[in-house]
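The values are calculated or read from the model by the stated rules, or taken from the named source; none is laboratory data. Owing to the predicted nature of the structure, the values given are computational and were not obtained by experimental measurement. Heads up, the Cβs are rebuilt from the backbone with ideal geometry, glycines too, and the neighbour counts pull from every protein chain shown. Heads up: the accessible areas ignore ligands, DNA and RNA and are worked out on the full protein's heavy atoms, side chains in. Shrake-Rupley method; radii C 1.70, N 1.55, O 1.52, S 1.80 Å.
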Amino acid sequence: RNYNANHSDELSFKVGRLIGVYGPTQDAGWLKGVLVEPGGLVHGLVPETHLVSATAETRKAARNYMARNQDELSFQAGQSVTIVAPTADQGWFIGIVNGTVGLVPETHLAGLQGAGVM
């Protein structure tokens, strides 16, 4: 269901919106999340009660990638990349590399067959 942020560290979102969840918080019932907005990635807290669960996938990088924009992640061939959500831009995912959240191109990931994530 829709959620309107009550504090500046929370994310507002509507039903059906893809949210990349990348970690727990110290507060029970809240998770760290990220949304892809036209201006880049927006991080904040999301209430667990408003989310539908899905499974993240970990893939190996097939080749090196050097980030071209500040919201993208750089990584080396063979490095593990955790995919937490697809984006509206076909061929891109929200991923985690070495604990950092950002965008990763599908073309540089090994064995990714349409991520079964959020």
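Calculated over the chain, the projected area of the Cα convex hull averaged across directions stands at 7.2 nm².
I need the calculated FRET efficiency for the pair residue 107 and residue 50, taking r as the beta carbon distance and R₀ as 25 Å, to the nearest 0.05.
0.15
Note on surface exposure: 72, 106 rank 106, 72 by accessible area, highest first, 1.4 Å probe. For the pair residue 31 and residue 68 in one chain, pulling the backbone fully straight at 0.36 nm per residue adds 10.5 nm over the alpha carbon distance. For residue 96, the accessible area of its heavy atoms, probed at 1.4 Å with every protein chain present, is near 30 square angstrom. Ranking 88, 107, 47 by how far each Cα lies toward the positive end of the dipole of the chain (charges on Cβ) leaves 107 at the top.
Expressed as a whole percent, the accessible surface of the chain that belongs to carbon and sulfur atoms is 47, based on a 1.4 Å probe. Across the chain, C-alpha contacts under 8 Å between residues 6 or more apart give a mean separation that, scaled by the residue count, equals a relative contact order of 22 percent. Computed about the Cα centre, the dipole magnitude for the chain is approximately 260 debye when only Lys and Arg (+1) and Asp and Glu (-1) carry charge, each at its Cβ.
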